[in-house]
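Report on the structure given below.
Values quoted throughout were computed directly from the atomic coordinates according to the rules given, and no laboratory measurement underlies them. This structure is a prediction, so every number in the text was calculated from the model and none was measured. All Cβ positions, even for glycine, are placed from backbone atoms using ideal geometry, and neighbour counts span all protein chains on display.
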């Protein structure tokens, strides 16, 4: 890819349900040239945003540097036709043969 991919959101932490599915994430959202304060985004809203072409990463804000982030991984949405799951670009998509959300690199809340 020759063009640098633009981040529309940076996921800072994640909360999982007991079944392994993401419940919600704590993230920063792009607001023009800068980013919002921390916001909570439900799994449904995150999936909807990714489906509309928004790009999310796992990362953390650099202290005292406003909208500068240390980026760990890009988040992708995988599907097998009847089920969707969130994974990072370098993650193994199948955990023990099951399709589960796997946002490696994001601290768990």
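Values as computed for the structure displayed
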item	result
Kirkwood hydrodynamic radius over Cα pairs of region 1-48, then Stokes diffusion coefficient at 4 °C and 1.567 mPa s, in µm²/s	109
Order of 19, 101, 8 - criterion: other Cβ atoms within 10 Å of each residue's Cβ, fewest first	19, 8, 101
Full-stretch length increase - residue 33, residue 70 - with 0.36 nm per residue and alpha-carbon distance subtracted	11.6 nm
Scattering profile of the chain at q = 0.10, 0.16 Å⁻¹ [log10 I(q)/I(0), Debye over alpha-carbon scatterers]	-0.27, -0.69
Ranking of 109, 77, 86 by count of other Cβ atoms within 10 Å, fewest first	109, 77, 86
Relative contact order (%) - criterion: Cα under 8 Å, at least six apart; region: the chain	25
28, 16, 64 arranged by Cβ crowding within 10 Å, fewest neighbours leading	64, 16, 28
